[in-house]
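The values are calculated or read from the model by the stated rules, or taken from the named source; none is laboratory data. Keep in mind that what you see is a predicted model, and the values were worked out from it rather than measured. Note that each Cβ is placed from the backbone with ideal geometry, even for glycine, and that neighbours are counted across all protein chains shown.
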Amino acid sequence: MAINLIKGQKIDLRKKDGKKLTSFCVGANWGVIEKSGFFGAKKVSVDLDLSVGLFDEHKELVDIVYFNNLDARGIKHSGDDLVGDENGDDGLDNEVIEVNLDHLSSNVEQVVFVLNSYKGQDFATIPFASIRLYEGEMDKVTDIVATYNIAKDEKFADHVSMILGKLYKENGSWKFSAIGEAVKDKDFEETFNTVQNNFL
């Protein structure tokens, strides 16, 4: 049974059998905006960008994986989705980041996931958006560990950037913390600066 995360919730990364979860995916799913007009409803594509920043023990940024840099040690990005789901939620993720904790650079202590609206479309106008952490591969879900709904919340209105959550080491084990904080930044570079200053 997947955990429905709430802001601030922390979870241990474990499989159903209790063993440590070291290889998994984090996926983001969202839909297009429908605007009503004189000639009927019009669908407007939504370009959200899922990115991940890798930080060391000194809270310094080691690397960023995003639509123009798809790989780092232990991290792989599925590629840029410029549209979103056009016919309702298809149950698939639009962008996925694959994580293998055992293959991360040894100096990486925190892994932070952020979501940015590339065209500056307000999160409150997007009909549905969610992230999920699951076992499997980019195109195949084996078992959903946790989900987090990030749409239609008043606190996301007038924002185009969001800090989703982070992986962090504690006593030698990795845990996940759902942050769910909308920030006033305009792109992922600004967002990771905010992460560095306030969320590590």
Taking first residues from the stretch 64-89 that are on the phi > 0 side of the Ramachandran plot and second residues anywhere that are part of a loop (DSSP other than H, G, I, E, B) and aliphatic (A, V, I, L, M), the pairs with Cβ under 7 Å that are 6 or more apart or on different chains are Gly74/Leu104; Gly79/Leu70; Gly84/Val32; Gly84/Val46
message = Is it the case, given these coordinates, that Asn116 is of a type in the set (S, T, N, Q), closer than 24 Å to Asp153 by Cβ and at pLDDT 95 or above?
response = yes
Conditions (1) among the polar types (S, T, N, Q); (2) surrounded by 20 or more Cβ atoms within 10 Å (Cβ to Cβ); (3) out of contact with any Asp or Glu (no Cβ under 6 Å at 6 or more places or on another chain); (4) under 25 Å from Lys175 (Cα atoms) -> Ser117 fails only (4)
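When the stretch 97-155 is examined, which residues are found to be on the phi > 0 side of the Ramachandran plot and in a loop (DSSP other than H, G, I, E, B)?
Correct list: Gly120, Lys152.
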The condition of being among the hydroxyl-bearing types (Ser, Thr, Tyr), over 30 Å from Gly18 (Cβ atoms) and surrounded by 13 or more Cβ atoms within 10 Å (Cβ to Cβ) holds, among Ser130, Ser51, Ser78, only for Ser51
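Please work out if Gly136 is over 15 Å from Leu5 (Cβ atoms), touching a residue at least 24 places away in the same chain (Cβ under 8 Å) and either aromatic (Phe, Trp, Tyr) or surrounded by fewer than 19 Cβ atoms within 10 Å (Cβ to Cβ) (or both).
yes
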